[in-house]
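Okay, here's the structure, questions in a sec.
The values are calculated or read from the model by the stated rules, or taken from the named source; none is laboratory data. Treat the numbers as computed from the prediction; the structure is a model and nothing was measured. FYI the Cβ positions are ideal-geometry reconstructions off the backbone, even for glycines, and counts take in every protein chain you see. Each accessible area value is taken on the protein alone, full model and side chains, heavy atoms only, with ligands, DNA and RNA left out. Shrake-Rupley method; radii C 1.70, N 1.55, O 1.52, S 1.80 Å.
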Amino acid sequence: MKRGFFITFEGPEGAGKSTQARRLYEHLQVAGYPVILTREPGGTRIGELIRRILIDLRHTEMAPTTEILLFSAARAQLVSELIRPYLTTGGIVVCDRYADSTFAYQGYGLGRDIDELRAITNIATGGLKPDLTFYLRIDVEVGLQRKRVGRERVEGSSGHPPEWNRLDARDLAYHRRVAEGFNELVRQEPERWCVLDAEQSVDDLAEQIWQLVMSRLAQDTPIAAQ
Ligand SMILES: Nc1ncnc2c1ncn2[C@@H]1O[C@H](COP(=O)(O)OP(=O)(O)OP(=O)(O)O)[C@@H](O)[C@H]1O
Ligand SMILES: [Mg+2]
C-alpha cells in the first residue's frame, strides 16, 4: 500500500491558517504533486452540514459535550470519506485544522479532560495523525483584530469577509487558554510540529512553509511531482 503525506495547519483565530493552507495547496499543485485541500469542521457534505450547526451564533445553548461530539462526528466523516482514501493513493492531504484544535479549544479552552478527548478523537480518526503540523503562532489579540479588519475591509465590496462565528465570539481569556494549549501540545510532541511566527508577511510565511514541506517530502516519502 502506498503511503501519502498528511499536513495540518493549527493556531488561534486569524493566524492565517486558511491563507497558508491554500497557498501551500496551490504551490504543490502547480509543482505537479498529487494534493487535496480540505478543512475542519467540514470538508465533506455531511461535515459541512455539521459545521453550520457548530458555528451558528444563535446556538448559545450548545452543551460542551455536544460540541465535542459534533466536531468529532465531522472529523470521523472527513477521515473515512476523504483523508484516508487519498493518503492510500499516495497523495498529499493539506487540512486547515484537525484534531489538535479539539485539544486546544475543548480541552485547554473549555477545560474538558484531555484523556477523555484523546479517547473520543481516537474513535473519530482511527488513530490517524498528521505527519507534519504547522502551528501559526500569533498574539491572540492581533489575530482577532485581523479578522475584524478583514470584515470591515470587505464591507460594501463583493469580497468574502473572514468568518465571525460562535466560537470566535468567546472571551479573550478563553482564546488565551487555547493559545497556551497549542504551546503545550507542541511541548508534548515536538517532532510533529513546526512552529512559525505568524506575524510575518503572508509571502515570507508561505516561503518558509514551502521550504519545510519540500525538505520533509524529500526525507520521508516517495511522493514525487509528476
Ligand atoms: N501574514 C499575514 N499578515 C497580515 N494579515 C494576514 C496574514 N495572513 C492572513 N492575514 C489576514 O488575516 C485575516 C485572517 O486570515 P485567515 O482567514 O487565513 O486566518 P485563519 O487562521 O484561517 O482564521 P480562522 O481562525 O478564522 O480560521 C484575513 O483577513 C487575512 O487576509
Ligand atoms: Mg480559517
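I'm trying to understand the selection: among the residues of the range 39-50, which are touching a helix residue (DSSP H, G or I) at 6+ places or on another chain (Cβ under 6 Å) and either within 14 Å of ligand 1 (Cβ to nearest atom) or of a type in the set (D, E, K, R) (or both)?
Just the residues of the range 39-50 that are touching a helix residue (DSSP H, G or I) at 6+ places or on another chain (Cβ under 6 Å), to begin with: 41-44, 46-47, 50.
Once the filter is applied, which keeps residues that are touching a helix residue (DSSP H, G or I) at 6+ places or on another chain (Cβ under 6 Å) and either within 14 Å of ligand 1 (Cβ to nearest atom) or of a type in the set (D, E, K, R) (or both), the range 39-50 yields 41, 42, 43.
Working only within the range 13-43, note down all residues that are assigned to a loop (DSSP other than H, G, I, E, B) and in contact with a strand residue (DSSP E or B) (Cβ under 8 Å, 6 or more places away or on another chain). Break it down into steps so the answer makes sense when it comes.
First, pick out the residues of the range 13-43 that are assigned to a loop (DSSP other than H, G, I, E, B): 13-16, 31-34, 40-43.
Answer for the range 13-43, where residues must be assigned to a loop (DSSP other than H, G, I, E, B) and in contact with a strand residue (DSSP E or B) (Cβ under 8 Å, 6 or more places away or on another chain): 15, 16, 33, 34, 40, 43.
What about residue 42, is it open to solvent by less than 10 Å² (accessible area, probe 1.4 Å), out of contact with any Pro (no Cβ under 7 Å at 6 or more places or on another chain) and over 24 Å from residue 189 (Cα atoms)?
Numbers: open to solvent by less than 10 Å² (accessible area, probe 1.4 Å): yes; out of contact with any Pro (no Cβ under 7 Å at 6 or more places or on another chain): yes; over 24 Å from residue 189 (Cα atoms): yes.
Spelling it out, residue 42 is indeed open to solvent by less than 10 Å² (accessible area, probe 1.4 Å), out of contact with any Pro (no Cβ under 7 Å at 6 or more places or on another chain) and over 24 Å from residue 189 (Cα atoms).
Yes or no, residue by residue, for (1) modelled with pLDDT of 95 or more; (2) within 16 Å of ligand 2 (Cβ to nearest atom); (3) over 24 Å from residue 59 (Cα atoms); (4) surrounded by 16 or more Cβ atoms within 10 Å (Cβ to Cβ):
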site: 120; (1), (2), (3), (4): yes, no, no, yes
site: 134; (1), (2), (3), (4): yes, yes, yes, yes
site: 172; (1), (2), (3), (4): no, no, no, no
site: 190; (1), (2), (3), (4): yes, no, yes, no
site: 201; (1), (2), (3), (4): yes, no, yes, no
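Considering every residue within the range 88-95, establish whether at least one is in a helix (DSSP H, G or I) and within 16 Å of ligand 1 (Cβ to nearest atom). Break it down into steps so the answer makes sense when it comes.
First, the residues of the range 88-95 that are in a helix (DSSP H, G or I): 88.
Narrowing further to those that are within 16 Å of ligand 1 (Cβ to nearest atom): none.
There is no residue in the range 88-95 that is in a helix (DSSP H, G or I) and within 16 Å of ligand 1 (Cβ to nearest atom).
Can you pull out every residue in the range 8-34 that is more than 15 Å from ligand 1 (Cβ to nearest atom) and crowded, with 23+ Cβ neighbours inside 10 Å? Explain how you work it out, then say what you get.
If we filter the range 8-34 for residues that are more than 15 Å from ligand 1 (Cβ to nearest atom), which is where we start, we get 27-34.
Scanning the range 8-34 gives a single hit, 28.
I need every pair where a residue in the range 45-73 that is among the small types (Gly, Ala, Ser) has its Cβ under 6 Å from the Cβ of a residue that is in a loop (DSSP other than H, G, I, E, B), sequence separation at least 6 or different chains.
47/41
Is it fair to say residue 91 is over 16 Å from the mean Cα position of the chain (by Cα), at pLDDT 95 or above and surrounded by 17 or more Cβ atoms within 10 Å (Cβ to Cβ)? Please lay out each step first, then the result.
Details: over 16 Å from the mean Cα position of the chain (by Cα): yes; at pLDDT 95 or above: yes; surrounded by 17 or more Cβ atoms within 10 Å (Cβ to Cβ): yes.
Yes.
Please determine whether any residue of the range 208-221 is surrounded by 11 or more Cβ atoms within 10 Å (Cβ to Cβ) and hydroxyl-bearing (Ser, Thr, Tyr).
Residues of the range 208-221 surrounded by 11 or more Cβ atoms within 10 Å (Cβ to Cβ): 208-210, 212-214, 216-217, 220-221.
Those left that are additionally hydroxyl-bearing (Ser, Thr, Tyr): 221.
Yes: one or more hits.
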